[in-house]
Amino acid sequence: MPESLAEIFLALHGRTPRIFHAPGRVNIIGEHTDYNDGFVLPAAIDKEVRVAAAARSDRRIEVTSLGAKAKAEMDLDDGAPRPRGDWSDYIRGVAFILESEGYRLKGASLVVASSIPEGAGLSSSAALEVSSGLAFLSLADIELAPRKLADICRRAENEFVGTRCGIMDQMAACLGRRGRAMLIDCRSLDMDSIPLDESRVSLVVVNTMVKHKLGEQEYNQRRTECEEGARILGRFLPRVRALRDVTSEQFAKFKEKLPEKTRARCGHVILENERTQAAAASLKTGDLASVGRLMAESHRSLRDAYQVSCVELDLLVNLARNMEGVFGARMTGGGFGGCTINLVAPESVDTFSERIADGYRKVTGIIPEVYQCRTADGAAELIAESAM
Ligand code: GLA
């Protein structure tokens, strides 16, 4: 039997740790809307990061990553820590932002393990940030509202790691709930928790196993294009602070004022916000056919107008479209590789998984990973019996 994380920690540090965990997520719909103050509809999933942690008597943080097979250190009294350009920056960033917000942390030894495939768009970084953030706070006896922790982790990624992500992933990691998807208003951080009947629909994630290089640069560029669009539209619509404030009617009236590419990007975001709210309403009434139609429109728009898909993602979505028992399929996450999310009738999951893997392999020569995910709860401390 493999050693549990607690046992590994005990062997390394001679003490029994506390164990914290945070889930990854899939986004059902609402892509590239979060950094436009818009709406997203993710669900936390049963793939997660676990952090075993114990306080130290000094102010040093010492982390062992079982996945990276590497160690990292940090001094909490270092007022200007520098990013190293690796996995440890997410942890370093969270500790740094917490300290700079006035939360006095304790030194700690951490051992980190993850079951979230990395770089697949399932939010492994947010889960690492949130689980280690929760560990730091708990060891220092500090209680923080989950929304606040999500915001601190987003800031760690924006300000320390240097990725200009929105808040969807951190919110899902902090506030996900088993059996639920969450409609999040990324401006107010209000949340509508929507039942997802897993006896009627399964979340099946298919991993293209590719990650195209330009991803991050293109992500930041999209964000800049959206901000530019909001600025231009704001000249005609003074209430507009972000694309979230523009309705599709207003967009139709003023879109000619935008340069062509910016117009396409803004069009995606504005309509995606409407699709996301419509999909949440349909999910509430159990109208999976409508959710599926909206997912198909979302994918088309991400492919043609926002241009963040790639041939591998398009192939998976096309293959899924004609398969029995599939309600909807689209790329999920930032794009340029990573995964698709498929809503599949439970009785069709096995055939779907086989056929999609086969179809994808035949065309690309790549064997994709297929994950049948269950929804999961957000970050928490694990009680001893369930710690791995
Ligand atoms: C990445 C980011 C999120 C979000 C998605 C696109 O996952 O981390 O904040 O912007 O891309 O919807």
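The values are calculated or read from the model by the stated rules, or taken from the named source; none is laboratory data. Keep in mind it's a predicted model, so treat the numbers as computed, not measured. All Cβ positions, even for glycine, are placed from backbone atoms using ideal geometry, and neighbour counts span all protein chains on display. Each accessible area value is taken on the protein alone, full model and side chains, heavy atoms only, with ligands, DNA and RNA left out. Shrake-Rupley method; radii C 1.70, N 1.55, O 1.52, S 1.80 Å.
So, in region 172-201, how many residues would count as being outside any loop (DSSP other than H, G, I, E, B), touching a Gly at 6+ places or on another chain (Cβ under 9 Å) and either within 16 Å of the ligand (Cβ to nearest atom) or closer than 18 Å to Met331 by Cβ (or both)?
So the answer is 8.
I'm trying to understand the selection: among the residues of region 329-369, which are in contact with a Leu (Cβ under 6 Å, 6 or more places away or on another chain) and within 16 Å of the ligand (Cβ to nearest atom)?
Met331, Thr340
Of the numbered conditions (1) assigned to a strand (DSSP E or B); (2) farther than 23 Å from Ser115 by Cα; (3) away from the ligand (no atom under 16 Å from the Cβ), Val40 fails exactly one; give the number of that condition.
It fails just one condition, (3).
Restricting to region 145-166, name every residue that is of a type in the set (A, V, I, L, M, F, W, C), closer than 26 Å to Gly215 by Cα and open to solvent by 10 Å² or more (accessible area, probe 1.4 Å). Give the steps one after another, and end with the answer.
First pass over region 145-166, keeping only residues of a type in the set (A, V, I, L, M, F, W, C): 145, 149-150, 152-153, 156, 160-161, 165.
Those still in the list that are closer than 26 Å to Gly215 by Cα too: 150, 152-153, 156, 160-161, 165.
Answer for region 145-166, where residues must be of a type in the set (A, V, I, L, M, F, W, C), closer than 26 Å to Gly215 by Cα and open to solvent by 10 Å² or more (accessible area, probe 1.4 Å): Phe160, Val161, Cys165.
Just to check your reading of the model, which residue among Ser109, Ser132 is assigned to a strand (DSSP E or B), hydroxyl-bearing (Ser, Thr, Tyr) and either touching a helix residue (DSSP H, G or I) at 6+ places or on another chain (Cβ under 7 Å) or under 26 Å from Lys211 (Cα atoms) (or both)? Walk me through it before giving the result.
Details: Ser132 fails: assigned to a strand (DSSP E or B).
Criteria check complete, one pass: Ser109.
Given the conditions (1) surrounded by 13 or more Cβ atoms within 10 Å (Cβ to Cβ); (2) in a helix (DSSP H, G or I), report the number of the one that Val240 does not fulfil.
(2)
Answer yes or no: is there a residue in region 324-340 that is open to solvent by less than 10 Å² (accessible area, probe 1.4 Å), closer than 21 Å to Asp197 by Cβ and basic (Lys, Arg).
Checking region 324-340: at least one residue is open to solvent by less than 10 Å² (accessible area, probe 1.4 Å), closer than 21 Å to Asp197 by Cβ and basic (Lys, Arg).
List pairs: first residue in region 274-300 and of a type in the set (Val, Ile, Thr) and buried (at least 17 other Cβ atoms within 10 Å of the Cβ), second residue modelled with pLDDT of 95 or more and not in a helix (DSSP H, G or I) anywhere in the structure, Cβ distance under 6 angstrom, at least six positions apart or on different chains.
Note: pairs meeting the criteria are Thr276/Ile29; Thr276/Gly30; Thr276/Phe39; Thr276/Leu41; Val291/Gly328.
Kindly list, by first and then second residue, each pair from a residue in region 163-174 that is among the acidic types (Asp, Glu) to a residue that is assigned to a loop (DSSP other than H, G, I, E, B) and near the ligand (Cβ under 7 Å from one of its atoms), limited to pairs with Cβ atoms under 8 Å and residues at least 6 apart or on different chains.
Asp169/Ser123
Can you tell me which of (1) touching a residue at least 24 places away in the same chain (Cβ under 8 Å); (2) open to solvent by 20 Å² or more (accessible area, probe 1.4 Å) is the one Val51 doesn't meet?
That leaves (2) as the condition not met.
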